[in-house]
Amino acid sequence: MRRLAGRVGIRAPSLYKHFADKAQIEDALASRSQAELDGLLERARLAGDPGAAIVETAMRFARERPETFSLLAERHRVALSGVGPRERALLLLVEGAVGLERSGAASAVAAAEILEQGTLSTSRNGPQRSTRAVVTSVRGPD
């Protein structure tokens, strides 16, 4: 709380003049960050290859703002941003790859490979089977 207050130029106890508790602060941060990510994803949807652009945009956001992306992922907000099945699967793929990379369970190279395999799987299998393809690319076959 002290770091957050310091970044906005106030003392930590002053945060509670604006927010009831830590959960309300996290909600405000998550809402603002989700709106920002949604705007970035909307621009990605207009690209020539929207699937690749969505993955690239979400990965860039996750790597540039890992704590924010983690907050959204913990609250399952990244994948619930009002997108279609293929885009939802791609966002779940990014969320999983980032989680593996941050935990040390996968290197950046392995995470990129997971993203590539999952992106190709969602293209080949169509939206109906894209979530299963993504889960398989991250976890392996059942």
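The values are calculated or read from the model by the stated rules, or taken from the named source; none is laboratory data. As the structure is a computational prediction, the values presented were derived from the model and not from experiment. Positions of Cβ are generated from backbone atoms using ideal geometry, with glycine treated the same way; all protein chains shown enter the neighbour counts.
Taken across region 80-87, residues that are farther than 25 Å from residue 4 by Cβ, surrounded by fewer than 21 Cβ atoms within 10 Å (Cβ to Cβ), at pLDDT 85 or above and among the aliphatic types (A, V, I, L, M) do not occur at all. Within region 1-45, the residues that satisfy the criterion of being acidic (Asp, Glu) and surrounded by 12 or more Cβ atoms within 10 Å (Cβ to Cβ) are 26, 27, 36, 38, 42.
Of all residues in region 91-105, those satisfying the criterion of being assigned to a helix (DSSP H, G or I) and without any contact (Cβ under 8 Å) to a residue 12 or more places away in the chain are 101, 103. Looking across region 1-59, the residues that are in a helix (DSSP H, G or I), modelled with pLDDT under 90, of a type in the set (Asp, Glu) and within 30 Å of residue 120 (Cα to Cα) come down to 38, 42, 56.
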